[in-house]
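Values quoted throughout were computed directly from the atomic coordinates according to the rules given, and no laboratory measurement underlies them. Please read all numbers here as calculations on a predicted model, not as lab measurements. Virtual Cβ from ideal backbone geometry, glycine too; neighbours counted across all protein chains shown.
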Amino acid sequence: MDVKERALVGALSGFLGTFVLSALRVSLNKLGMVGTTAPEQVVRRVEELGLVENWSSGARQALMVAAHVGYGTGAGAIFGALRSDYEEPESETAAELQGDRDDALTEASVGATLGVLSWGAGWAGWLPIVGVHPAPWTQRTPRALLPVLDHAVFGAAWGLIYWILTRRRA
């Protein structure tokens with residue numbers, strides 16, 4: 001696959017990985033561990049700037065979902081462009097099946113790392129700069145660490161989905 005194809009598969013993986021992240025967020029919300037999410041904070045900042053003054057609450061909710069899915073899809077496309085191709089297996093021996101499991105674990109680990117790096121770029125970079133929320137090192141609550149977990153889970157899901165979609169069978 002060339003870079004464009006990897007980016008496209010990465011985008012699809014990011015789109016699907018966003019739903020895994022959303023499921024985690026819903027679960028953490030039910031446990032009372034999550035306050036507002038980054039997409040909610042971004043929309044609140046857009047509201048503060050008066051950019052969505054006449055929008056209904058439903059339209060604001062749609063903007064929040066679009067921002068969340070768009071960010072995950074875009075990050076996934078970038079992750080995909082950064083990855084390399086997989087080689088096609090010749091046959092399915094037990095050792096190669098073990099290699100498949102190792103490859104899946106590796107891709108989940110690489111994805112988790114990319115997810116945490118994207119957290120660093122966003123949560124510790126551009127989001128505080130534009131006033132969406134304070135920098136994580138200024139916060140004194142364990143909730144400041146939840147976005148790191150979110151992004152690691154998103155990245156691991158992205159890595160596994162990307163691996164499944166790019167793995168070729170003979």
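Side notes on the structure shown:
- Placing +1 on the Cβ of every Lys and Arg and -1 on the Cβ of every Asp and Glu, with no other charges, gives the stretch 1-89 a dipole of roughly 360 debye about its Cα centre.
- Each residue, I164 and V52, gets one label point 7 Å from its Cα in the Cβ direction; the gap between the two is 3.1 nm.
- Cβ-derived FRET efficiency at R0 25 Å, V65 paired with V148, nearest 0.05: 0.65
- Loop-located GluC sites (Glu not before Pro) in the stretch 22-73 whose Cβ has at most 11 other Cβ within 10 Å (DSSP): E53
- For the stretch 1-37, the residues whose backbone nitrogen is under 18 Å from a point 7 Å from the Cα of A121, taken along Cα to Cβ, are 3-18.
- Share of Cα-Cα pairs in the stretch 110-150 lying beyond 16 Å, as whole percent: 32 percent
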